[in-house]
Protein chains: 2
Amino acid sequence: MAEKSNGPRNGDCSSRVIHGPTNPMVSPLLTDLYQFTMAYAYWKAGKHNERAVFDLYFRKNPFGGEYTIFAGLEECIRLIANFKFTEEEISFIKKSLPSSCEDAFYDYLRGIDCSDVEVYAISEGSVVFPKVPLVRVEGPVAVVQLLETPFVNLINYASLVATNAARHRFVAGKSKILLEFGLRRAQGPDGGISASKYCYIGGFDATSNVAAGRLFGIPLRGTHSHAFVSSFMSPDEIIDKSLRSSDGSRTCEDFLSAVQTLLNKIQWLPSLHGTFGETNQSELAAFTSYALAFPSDFLALVDTYDVIRSGVPNFCAVALALSDLGYQAKGIRLDSGDLAYLSCEARKFFQAIEKEFGVPGFGKLNISASNDLNEETLDALNKQGHEVDAFGIGTYLVTCYAQAALGCVFKLVEINNQPRIKLSEDVSKVSIPCKKRSFRLYGKEGYPLVDIMSGENEPPPKVGERILCRHPFNESKRAYVVPQQVEELLKCYRSGKSGKAEECLPALKDIRDRCIKQLEKMRPDHMRRLNPTPYKVSVSAKLYDFIHFLWLNEAPVGELQ
Amino acid sequence: MAEKSNGPRNGDCSSRVIHGPTNPMVSPLLTDLYQFTMAYAYWKAGKHNERAVFDLYFRKNPFGGEYTIFAGLEECIRLIANFKFTEEEISFIKKSLPSSCEDAFYDYLRGIDCSDVEVYAISEGSVVFPKVPLVRVEGPVAVVQLLETPFVNLINYASLVATNAARHRFVAGKSKILLEFGLRRAQGPDGGISASKYCYIGGFDATSNVAAGRLFGIPLRGTHSHAFVSSFMSPDEIIDKSLRSSDGSRTCEDFLSAVQTLLNKIQWLPSLHGTFGETNQSELAAFTSYALAFPSDFLALVDTYDVIRSGVPNFCAVALALSDLGYQAKGIRLDSGDLAYLSCEARKFFQAIEKEFGVPGFGKLNISASNDLNEETLDALNKQGHEVDAFGIGTYLVTCYAQAALGCVFKLVEINNQPRIKLSEDVSKVSIPCKKRSFRLYGKEGYPLVDIMSGENEPPPKVGERILCRHPFNESKRAYVVPQQVEELLKCYRSGKSGKAEECLPALKDIRDRCIKQLEKMRPDHMRRLNPTPYKVSVSAKLYDFIHFLWLNEAPVGELQ
């Protein structure tokens, strides 16, 4: 498997080695067949080397929100930094195209790489908005066209799931621990691995996915499952019952008996008496055995049989026995039932134990919860009141159930220095022509106010100058802005043959930090879940005029009958 | 990338070589961390070699339907046939577990493979139902536990998307061509590749995904995009205008002029006059150029500017010019707008051309449609009436928007010959204990009637014998069945050390054929989209009694207060 690229952190990175994509299945063949038929047609027409500019952007923020996190850039850069067809791939393409295609075309394909392709992009982990190019790719039309499908594939899901993660973080609040538990429900192996990576960028703290931990250095979390609990039949199964104390000073020869004695004590505590009767003994055996294996990391799944009548008391008995040996248990995990109610009941139980046994901190033991959580259930739990400290979130997070896809597109905006437009009866699908620059303008309070796109050769907006920002398609929507800060959004990641300095690919942690910081800088009304205010995306007055000139020029004039 | 396994087609396949998983990222580390913490706890308790049986099954059919297609088995078999930790993986696991874990555990991990693991499974491509094990895995508990996450990951999405494809096929009908166009919107690279594979199993005809075509031999389809059309500025760009006739007998020196002359003729045809004015000339240039590259495979995307006023007339002019040279055009693709209306208008246009120019077959040219299609839009198109021959389906198909996940689970049902049950307050989440066999019973008309699970040592149901089938959890639901045919569902795919004969892994085409045949055999009321009848899933009388005995035994008795 490919290693992570480790270029220097800042400055010109053009000399660094960029490894191939994380998933070895990402190859120049990971594209739609029509990219090759078009490449042939371009080549046949002698157009293949025409210089083309494509914009990659999306049209609508996902999840009913007004913001998106941009992710997936590094994998795109890795692909083009290593873009080259193997002979085996060439011969497969040849087999897949009509036999009438000329052989010289395959010689052309053999020679293709992306050394003449320029890539400008917004920094990965940024907060981004519809219509503003996330990536601008410039190069020979036939080559850049081949990149459409893999680029869109690598960015669509990455950005969608990072945004989903950021939304979950927003609802859960900063103080909660968020764990991504989606591997088993993700859409295939690298659906799982990508989910772990991009949820981390979006603000999650850790993952259960070991492969993702190894590939990306994401913190790992996990304890045991129901199967572990049900694999035990009775406490008699535990053979080696001894446990050394935390400081190594003494050994408890029968840890199981210690646990059983404590369980009996708990049962007869006045404050808990009647809460539970006989607990499940195979569960008690499983917990005891798990504690013997991980005395410093004892976290138990307590809902295999019954949370309050079995799991929590069994856990407390084991945790108290550990405490007697100087170990501090971690807590419990709930994976079913009414999480608000059960977490509050468990908290009360812990607090009663703390009081009765005088074990400091016992009342504050960690309560983790999982089981089909999503943005809505987190919100509902907050409203109800709960005692959960950590959420393990899987299915709805990683499959992005609330939104099928981000719907990124890759549109030709210029060829041979001629701006191009793609029309549609649906105005939201009309593309914004021209090779463009884009800027984020910040207001007095430090919030971003508006993104503005302008033609490549227009003078950039300046701090303190009054700038007219126009809606790209709606004549009546425009506003003057005097920015307090101007940030150019597109940065050079591949300079092609231009010799420009290239941005480094930042470390995953830095991408995550950027994401978290940018989200904090957003004006709160853009972020709220109910009826958020749309962030403004605009074009310069000059670009506005040009769009509409080109539009009229290309659209056929109808004849009413 | 791994090659496909090519064992003999029938009989004992135990001697064949099984290659690793298609995606090299599928490794023994592609699992949840808790599988390793549990493995350590099992090992520490001396339980790691206890013989355990796990069932992999789902609880509810997806998409509001009453059937599911089972897929993903081959990738699971490939994983375990090659299951072995590398030293690098071992050292990563060591880093990820608490430092207190004993070194000897890593020696144990080093020695692990799946040579002692038995896998029984339903044949891939079969129609399957909730609660009935799709896969039964038996082996040392610590090893089998490690397989939980990757098995569920590899089967969940595969089965979900195959089912989604089958449902799309059902609505579209047998006569339509179904093309999977989802790569760019899929959840990452192998979301795309898996979607192509499993949609093919579910009844799709082809994919646009070249990598999937190469890996699995799936037929490829594709033509050109809007960008190709907008990359042309005017017909003057076409340099080499000559085209040889299909039989090679003559050459048209100026194919562009021939096209332009025909376009002019079409415009003044009495039956079409007034339908369109001047068409977009850059589009005409693009179509002409595409036809020069692919004279025998001319299929044009006609909605870049305006379908009826520009795309269709331009297409017809090029198609007629090709026809004059003995080439038969393929047709058009619509990618926006009202597909029902536009396809009917295009059909009328084609028929008018056939009549006016006397070109046989022109009226029947292929009309393909794409643009955010799903089951519902296909259904709506059918109801409205349309003239589409082929559907290109992407986003909603491959992301399975209508259903987040299949929700497969992997539950311990027996350990050391002791049946185990997992309880839950939600009855649908209670697991069915025991190592089981399962059978499909067929009725007089050849339809499958009921699936029945029974204990491993019970006598199997026999043709012509009266069998009591009981709902596993609902006392009052039971029925007698006299099967006309009995099919044992679980077959041996990995024999472990038992020496049993193993099933071969069938070729993809055979899996697809099985799927299509099994769907045809289903009783129509199970298949209908609105209020389908649930297919019956049952247990034997003996197993029923045992489940309820175990349930009472394990559940704690509450105390009402």
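The values are calculated or read from the model by the stated rules, or taken from the named source; none is laboratory data. All of these numbers come straight from a predicted model, not from anything done at the bench. Positions of Cβ are generated from backbone atoms using ideal geometry, with glycine treated the same way; all protein chains shown enter the neighbour counts.
Filtered by the rule that a residue be closer than 17 Å to A:A81 by Cα, among the aliphatic types (A, V, I, L, M) and surrounded by fewer than 20 Cβ atoms within 10 Å (Cβ to Cβ), the stretch A:482-521 gives a lone residue, A:A501. Does the stretch A:32-53 include one or more residues that are polar (S, T, N, Q) and within 10 Å of chain B (Cβ to nearest Cβ)? Yes, that holds for at least one residue.
In summary, B:A479 fulfils each of the numbered conditions (1) in a strand (DSSP E or B); (2) surrounded by 15 or more Cβ atoms within 10 Å (Cβ to Cβ) with the single exception of condition (2). Has the stretch A:68-85 got any residue that is more than 8 Å from every other protein chain (Cβ to nearest Cβ), more than 25 Å from the chain's Cα centre (by Cα) and farther than 30 Å from A:A507 by Cβ? Yes, that holds for at least one residue.
Based on what the data block shows, is A:I193 in contact with a strand residue (DSSP E or B) (Cβ under 7 Å, 6 or more places away or on another chain) and facing chain B (nearest Cβ under 10 Å)? Criteria met by A:I193.
Screening A:D451 against (1) over 24 Å from A:K429 (Cα atoms); (2) assigned to a strand (DSSP E or B); (3) not aliphatic (A, V, I, L, M) leaves a single unmet condition, (1).
Results for (1) outside the structural domain of B:A286 (by TED's automatic domain parsing); (2) touching a residue at least 24 places away in the same chain (Cβ under 8 Å); (3) not aromatic (F, W, Y), shown as yes or no for each residue.
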| residue | (1), (2), (3) |
| --- | --- |
| B:G192 | yes, yes, yes |
| B:Y198 | yes, yes, no |
| B:T207 | yes, yes, yes |
| B:G213 | yes, no, yes |
| B:D240 | no, yes, yes |
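Just one of the listed residues (A:I432, A:I421, A:I415, A:I393) is over 17 Å from A:L550 (Cβ atoms), within 14 Å of another protein chain (Cβ to nearest Cβ) and of a type outside the set (K, R), and it is A:I393. The set of residues in the stretch A:266-286 that are more than 8 Å from chain B (Cβ to nearest Cβ) and without any contact (Cβ under 8 Å) to a residue 40 or more places away in the chain comprises A:W268, A:P270, A:H273. Residues in the stretch A:519-536 that are in contact (Cβ under 8 Å) with a residue 40 or more places away in the chain, closer than 22 Å to A:E124 by Cα and over 15 Å from the mean Cα position of the chain (by Cα): A:K521, A:M522, A:R523, A:H526, A:M527, A:P534, A:Y535, A:K536. Scanning the stretch A:487-508 finds one or more residues that are modelled with pLDDT of 95 or more, more than 14 Å from chain B (Cβ to nearest Cβ) and in a helix (DSSP H, G or I).
Screening the candidates A:G455, A:G464 for the property of being in contact (Cβ under 8 Å) with a residue 24 or more places away in the chain and assigned by TED's automatic domain parsing to the domain that holds A:D545 yields one hit, A:G455.
Output yes when any residue across the stretch B:61-74 is within 25 Å of B:C434 (Cα to Cα) and either modelled with pLDDT under 95 or surrounded by fewer than 19 Cβ atoms within 10 Å (Cβ to Cβ) (or both), and no when none is. Scanning the stretch B:61-74 turns up no residue that is within 25 Å of B:C434 (Cα to Cα) and either modelled with pLDDT under 95 or surrounded by fewer than 19 Cβ atoms within 10 Å (Cβ to Cβ) (or both).
Which condition breaks for A:E50 when tested against (1) under 29 Å from the mean Cα position of the chain (by Cα); (2) of a type in the set (D, E); (3) more than 20 Å from B:M25 (Cβ to Cβ)? A:E50 satisfies every listed condition except (1). Specify the residue that is farthest from B:A479 (Cα to Cα); the eligible residues are those in the stretch B:423-455 that are among the charged types (D, E, K, R) and modelled with pLDDT of 95 or more. Checking each candidate, the answer is B:K435. What number of residues in the stretch B:104-125 are under 14 Å from B:G72 (Cα atoms) and among the acidic types (D, E)? Matching residues across the stretch B:104-125 total 1.
If the condition is being closer than 22 Å to B:A41 by Cβ and more than 13 Å from chain B (Cβ to nearest Cβ), then the stretch A:326-345 contributes A:G326, A:Q328, A:A329, A:G331, A:I332.
If I ask for residues that are charged (D, E, K, R) and touching a residue at least 40 places away in the same chain (Cβ under 8 Å), which ones from the stretch A:95-134 would you list?
A:E102, A:D116, A:E118, A:E124, A:K131
Taken together, the residues in the stretch B:43-69 that are polar (S, T, N, Q) and outside any loop (DSSP other than H, G, I, E, B) amount to 1.
Scanning the stretch B:57-97 for residues that are within 20 Å of B:T31 (Cβ to Cβ) and of a type in the set (V, I, T) returns B:I77, B:I80, B:T86, B:I90, B:I93. Per the listing A:S208, A:S230, A:S225, A:S245, the residue uniquely under 22 Å from A:F357 (Cβ atoms) and either at the interface with chain B (Cβ under 9 Å from one of its Cβ atoms) or surrounded by fewer than 21 Cβ atoms within 10 Å (Cβ to Cβ) (or both) is A:S245.
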